[in-house]
Each structure stands twice: as structure tokens, then as C-alpha cells.
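What follows draws every value from the coordinates through simple rules; no lab data is involved. A quick note: this is a predicted structure, and the numbers were derived from the prediction, not measured. Here the Cβ is made from the backbone with ideal geometry for all residues, glycine too, and neighbour counts use every protein chain on show.
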Amino acid sequence: MEYVYAALILNETGEEINEDNITAVLDAAGVDVEESRVKALVAALEDVDIEEAIETAAAAPAAAPAGGS
Amino acid sequence: MEYVYAALILNETGEEINEDNITAVLDAAGVDVEESRVKALVAALEDVDIEEAIETAAAAPAAAPAGGS
Amino acid sequence: MEYVYAALILNETGEEINEDNITAVLDAAGVDVEESRVKALVAALEDVDIEEAIETAAAAPAAAPAGGS
Amino acid sequence: MEYVYAALILNETGEEINEDNITAVLDAAGVDVEESRVKALVAALEDVDIEEAIETAAAAPAAAPAGGS
Amino acid sequence: MEYVYAALILNETGEEINEDNITAVLDAAGVDVEESRVKALVAALEDVDIEEAIETAAAAPAAAPAGGS
Amino acid sequence: MEYVYAALILNETGEEINEDNITAVLDAAGVDVEESRVKALVAALEDVDIEEAIETAAAAPAAAPAGGS
Amino acid sequence: MSESESVRRTETIPQWKQDEVDALVDFIQGYSSVGIVGVAGIPSKQLQNMRRGLHGKAEVRMSRNTLVTRALDEVDSGYEELNEFIAGQVALIGTNDNPFGLYKQLEESKTPAPINAGEVAPNDIVIPEGDTGVDPGPFVGELQQIGASARIMDGSIKVTEDSTVLSEGEVVSEDLANVLSELGIEPKEVGLDLKSVYSEGVLFAPEELAIDVDEYRADIQSAVSAATNLSVNAVYPTTQTAPTLLGKAAGQAKALGLHAAIENEELMPELVARADAQLRALAAQIDDEEALPEELRG
């Protein structure tokens, strides 16, 4: 899940969600970053409306987080 | 919320959730880090079982109406 | 809740809801009456339309979740 | 209604719900007490678990007022 | 509600919920404290398990939508 | 939660929700106030419509509180 | 003679071949990700359109397979792993884009195409329920022959339920190809078929490159829920969670107020309503109507 959290931090700060930025955040957290996971995340998020996903989640926090890895 | 996400990354990686580590993560994300918010976060999380807190749905009255309509 | 019940008895009988009357009812029921609670009760009821409160309550809880979007 | 409230007050204070006590409470509220109703109420409440009945109201006020005509 | 909030603060800090303490908190908040209301509050809370009462609030939002059909 | 309660007291009394006032209220309650948490709270509340947040909450739990005494 | 040729091939090759290999090496080294795509069965005009559509994002380079292999071997450093995917009609594809993004783009650019007799079904072939629009005639029999439930209704031939007429991996018969053609069903997806990508030291198979966007969306939502829960439960207010915290605190105060029957203006209406509800709940437990006032009789 740390990769997704990293993307969400960038989303909050308005920084671009790209490979370099995600890698930098994870590096700083001491994560042994897997480049391919970063690439997959960046490609996948291109098709996700993050704001919408956040709002949907925020509207229903009663639903406990699913088993994120 | 970026401060919370930073704490969550550290929690996932098993790194200590302290001021230095949170600041490093946020710095890497280009956040103009406010020391007091970092301090407050560390203080708030001090006695918290993070895993449990993550899983316990926040009593979110905002959610209730959504569910009921 | 006995203070509230006492006020409602007076409301039913049409007697004035004042400190003396409430104290009398509670006394008769063997309550160790606390003057301050009686005062607070009378003050709090001053602007309450009891009939309306009962009726609103009957209507409200059903409506509430739907309304608060 | 005042007869039932009188019983509720006695229930709260832990006093016995008998004819004398109910009559005393109602008297104090200026009610012109009907002995037969007091008798009937006391008899009827003998087999009722008042706490349980009250709790059902607290748990589901949405349903209760709706039903009460 | 400020009187109730004051009681909740004292409850969190483990301080006794008595007239002096509540008055001090409200004073600090610039409230024109009414002694009788403080007394009434302390009396009302005397035998109350505050933690338990608070928990009913946490349970609430989940329940509300279910009831409001 | 005491920090949030303190903010709500100030909201009720119409006092400004700033660091000094929150600190004063908590001090009076014997809280060992952490400046950073006060700062974080004030910052988080900056753009929040407190009345609205409370009302949304109030709409929901109305139904719930179980086990009334 | 063939032996001497093969010897010569490994040692010296004609200059034009060496030039082509050099060009291919340049191509491979010019992109951060290089893959092998299958181009079999793509009409040349469609292929041209696809190449144009990729312009600026990815480049397709066709050559002889032997020369591509030679070029990959020459570049070495991992790229030679792509050799095992070089068979049949393939081409090189190069991009500086994310390989996951490349896969996505190639998938999106695929277009449906008819399937011919003798070809292998790439997936289950289904004839959907509905009116075929074909007038009553021998076509009903043809449909039934290939395993579709069909009959004549209301003056035309109808397929009465979704009918799977061929399973994935089976060979298309002449009869089936004719029926599909008659119905205009195009079961194939034609396009640049990514077989593998070598990207910055990692070899990806297509199934590794296929990302489930819904899963990522769900992960985002889980992450938001986790942060929201943590923020509220640890009472660390953020702009997003401050209203929830305020609401929670207010709800607690109200719950306490109602529980303890604290007499104040805000709670009074609800306390009154509660008393009324309790009264009615108790009355509902009383069987004897004599004991109840008229308004409470059941």
C-alpha cells in the first residue's frame, strides 16, 4: 500500500504523480523501491480519477479498508 | 492529510514514525513541511495502535446520510 | 429522566411547570430532589413547545438520515 | 398518560410501583386520581419488565413514535 | 452544550468532574458561568458511566440509516 | 479528544478558536497542553463550517443512544 | 554450401545487412523500453494507421527476424532475452513511455476482425440472443448445425439464447466462418500484439503488463479510508477529517447529555421526545386497556 500512499501524498501537494516523484517519496521512507511497481502504479493512475475515488471513499469511511497489501 | 499518509508509509515499511522520518518523506514529496504539524502527528500517534486505528471505521456522521438515502 | 417525566405529568394535567410543582411531584415519588436540576429543567423547558417536541420526534428520526446529505 | 409517567418516575427512583405511591405522585401533580385506573395499571405492570420496555424505545425511537397513534 | 463539553474534557484528562473544575474550564473559555447549571450538571453526571454513554454515540451513525427507512 | 471539545466550547460561546483560547481552556482543565497539537487543530479548523459539521452529526445519532436511564 | 553460408553469416555478412543491424542496434538503444510485437493478420493499411496513431509515443520497426536477432545479441546486456519471442511475423517496438502505458495503448488500439476457417478461436465465440434480421430460410439450419439455438419467429430468424458455438483454442470450421460472416460477428481482435517488453533491465510478459485499474482505484479508496480512520481515531485533525472529529465530539456530548438526562435547552426537546417514546413503549407492554388512557390504547 505504501506506493499508493506515496501517490496520494503527491496528489495532495499537487505534485505530478510520476515515477521520479513516487520513487523519491518511497526512498525517503526507506522503502526498497521496485521500479516496475512504480511504473505500473503511474500507468494505472493515469486512468483513475483520483479526486473522485477519494470522495467516494470519504463518503463511506464506515466501510473498513479492504485488505490492502 | 499528507502528513497522515506519510505516517502510514512509515508504518508499512516498519520505519519508526518520528519527526525526522515524517519530515524526510514529506520533503521528498515537495511538501513545505510545518514542524508543528509533524510534532502534533507524532504526539497523536504515540499511544495509538495504528493497525487497529486504521481498521476501526471512524464514526463518521457525514457517512450516515449517504448510507440512508 | 425522572425530572423530565415529572414535567410531562404536569404538562398532561395542565398544571404550570414550575420549580414548586416539579419538586412536589418528585418529592411524592421519594426522589431526593436537587434544586439545581429542577431549576435547569424549568429553564430549559421555557422555550420548548412540548407538544411540538413530541410530534417532531415522531417525524424526525425517520427523516434525519435522509435529510443530512 | 400521567399514570404511566408516574409509574416511570417510581421505576427510576427504585420505589415500589404500587397504588399508594402512584396515587401520591399524581396527587402532588394535582391530578384528580381515579382509583380503578391506578389499580388496573399496577396490576398490568406486574408482569412487565419496565427496563426492557424502556430500552426498546431508546434503541429504536424511529420506529416507536411512528407506531404510536 | 458547553457545560457538557467541559465535563467531557475533565473526563478525558482524568480530573474530577466537580463544580470547581467545570467552572474553571468554562471561565477560561469566557463563559458567563451559571452556578446552578454547573450544580445540575454535576448532579446529573453523578452515577453515569461516561465512557459507556460516549460509546453509544460511536455506535449511532451506523444504526441511524438502518432505522430511517 | 479534549482539544476538539475545547474548540467546541469556544464555538458555543462565540469566542475565537485560536491557539491562546484553546490553550487556556485546556490549561484550566489540567491538561498538559501540547502546543503543536493546538496549532494543528486550529489549522485544520480554518476552513471548516463548525455549525454544519455539528448539525450533520446531530442528525444521525439522534436515533441511537441505547440504554437510557 | 549451406554450411559455408552459415559460417560466413557468423563471421562476415554483407554490408547492407550489417548496416541494417547497426540501424536496429541504434533503434534498440534509442528507447528505454523495447518490445516485440506480433503483426500477423494485420492488413497493411490498418498497420499503417496504427503506426501513425503511435507516432510520438512509440515506434514500430520491421526487419528480417534474423537481423533483429543479431541486433539484440549485439546490444546484449539483457536485450537478448527478447530473442525467444522472435518467431513468425513480428516487429520491434520502442518507446520511452512506461511499458505498462505502452501495453494499455496497444490494447486500446486493437480492432475487431472477422475470423477465417482454419483459424484458432482466441476466445469463446458466442452468438448472442436476438433477431438475426435474416429472412426465414436455410440459414436456420446452418445456425442449428453449428450449435446455436435458433428458430423462426415473427417472420425472421431469431437466436433464442446466447449460444457458445466454439470454445477458445478450437479451430474454426468452414460452416462456422460462413455463419459468423453472415451475422457480421468479428470475434478476433487485431492489432499489434505485444509479446514481451524489455525495460530498464526487466523483462515483462504481457500478463504482467496488464494492469487492473479497478484494483488500483479500490486501493486508493482503501488508502483514503485508512488515513481517515487513523486521523479520526488518533484525533489528529486534518482539513478533511476536522468535520468528522467535530461531529464525533458533538455526538458524544449529545449522547452523554441524553444518557444522563442533562437538562439544557438543546437537549430538552429530545429528552421530552424520549420520555414520550418510553411511555409508549411501556404502554405497548400493557395488556389491560383499563390501565391505559384512551390515546394509548392499542
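Between copies, the label points at D:ARG37 (set 7 angstrom from Cα along Cα-to-Cβ) are spaced 2.6, 3.7, 5.5, 6.4, 7.4 nm, reported in nanometres from shortest to longest. Convex hull volume of the C-alpha atoms in segment G:1-137, normalised per residue: 191 Å³. Semi-axis lengths, largest first, of the ellipsoid equivalent to segment G:108-256 are 55, 26, 11 Å, with √(5λ) applied to each eigenvalue of the Cα gyration tensor. When you filter the GluC sites (Glu not before Pro) in segment G:132-182 for DSSP loop state and at most 15 other Cβ atoms inside 10 Å of their Cβ, you are left with G:GLU161, G:GLU168, G:GLU170.
Taking every residue in G:194-205 and counting other chain Cβ atoms within 10 Å of its Cβ, the average works out to 1. Listed by chain and number, the aspartates and glutamates whose alpha-carbon sits under 15 Å from that of G:LYS17, ignoring those within fewer than 8 places in the same chain, are G:GLU5, G:ASP26, G:ASP73, G:GLU74. Projecting the Cα positions of B:ALA53, B:THR13, B:VAL33 onto the charge dipole of segment B:2-56 (unit charges on Cβ atoms of Lys, Arg, Asp and Glu, taken about the Cα centre) puts B:VAL33 furthest along the positive direction. For segment G:125-186, a/c is not less than 1.5, where a ≥ b ≥ c are the root eigenvalues of the C-alpha gyration tensor, and a/b tops b/c. That puts it in the prolate class.
With the convex hull drawn around the C-alpha atoms of chain G, the volume per residue stands at 322 Å³.
In plain terms, the residue of A:ILE9, G:ILE146, G:ILE152 with the fewest other Cβ atoms within 10 Å comes first and the most crowded comes last, giving G:ILE152, G:ILE146, A:ILE9. Any idea what angle helix G:174-183 forms with the longest principal axis of chain G, computed on alpha-carbon atoms, 0 to 90 degrees, nearest 10? Helix G:174-183 sits roughly 50 degrees off the main axis of chain G.
Starting from segment G:199-298, pick out the trypsin sites (Lys or Arg not before Pro) whose DSSP state is loop and whose Cβ has at most 13 other Cβ atoms within 10 Å. Spell out each step's value before the answer.
Values: sites: G:ARG217, G:LYS248, G:LYS254, G:ARG274, G:ARG280, G:ARG297; in loops: G:ARG297.
When the trypsin sites (Lys or Arg not before Pro) of segment G:199-298 are filtered for loop state and at most 13 Cβ neighbours within 10 Å, G:ARG297 remain.
Could you tell me which of the pairs B:LYS39/G:LYS248; G:LYS57/G:LYS195; C:LYS39/G:LYS248; G:LYS57/G:LYS188; G:LYS110/G:LYS158 are separated by over 20 angstrom between their Cα atoms in the structure shown? Beyond 20 Å: B:LYS39/G:LYS248; C:LYS39/G:LYS248; G:LYS57/G:LYS188; G:LYS110/G:LYS158.
Once you have a ≥ b ≥ c as the square roots of the Cα gyration tensor eigenvalues for the protein assembly as shown, tell me rounded if a/c is under 1.5, and otherwise prolate or oblate according to whether a/b is larger than b/c. In terms of gyration-tensor shape, oblate. Peptide A:30-40 is shielded by partner chain Cβ atoms: per residue, an average of 5 of them sit within 10 Å of its Cβ. With axes computed from alpha carbons, what is the tilt in degrees of helix G:242-259 against the longest principal axis of chain G, rounded to the nearest 10 within 0 to 90? Tilt relative to chain G: about 30 degrees. Take every pair of alpha-carbon atoms less than 8 Å apart whose residues are at least six positions apart; their mean separation over the length of segment D:2-51 yields a relative contact order of 35 percent.
In this structure the amide hydrogen of G:LEU166, modeled in the peptide plane, comes within under 5 Å of the amide hydrogens of G:ILE125, none closer than 5 places in sequence on its chain.
For q values of 0.20 Å⁻¹, compute log₁₀ I(q)/I(0) with the Debye formula on a Cα-only model of segment G:215-286, without solvent. With one equal scatterer per Cα and no solvent, log10 I(q)/I(0) is -0.84.
Sorting E:GLU34, C:GLU51 by the number of Cβ atoms found within 10 Å of their own Cβ, with the fewest placed first, yields C:GLU51, E:GLU34.
What angle, in degrees between 0 and 90 and rounded to the nearest 10, separates the Cα long axis of helix G:213-233 from the longest principal axis of the Cα atoms of chain G? Value to nearest ten degrees: 30. Count Lys and Arg as plus one, Asp and Glu as minus one, and take only other residues whose Cβ is under 9 Å from that of G:VAL21; the net charge is then -2. If only the Cβ of Lys and Arg carry +1 and only the Cβ of Asp and Glu carry -1, the dipole of chain G around its Cα centre is close to 1140 debye.
For the residues G:TYR198, G:TYR216, what sequence is obtained by ranking on other C-beta atoms within 10 Å, fewest first? If you can, show how the numbers build up before the last one.
Details: G:TYR198 25, G:TYR216 22.
Least crowded to most crowded, the residues run G:TYR216, G:TYR198.
Take the Cβ-Cβ distance between E:ASP27 and B:ASN18 as r, set R0 to 56 Å, and report the resulting FRET efficiency rounded to the nearest 0.05. So the FRET efficiency works out to roughly 0.90. Let a ≥ b ≥ c be the square roots of the eigenvalues of the Cα gyration tensor of segment C:1-43; is it rounded (a/c under 1.5), or, if not, prolate (a/b larger than b/c) or oblate? It comes out oblate by the Cα gyration axes.
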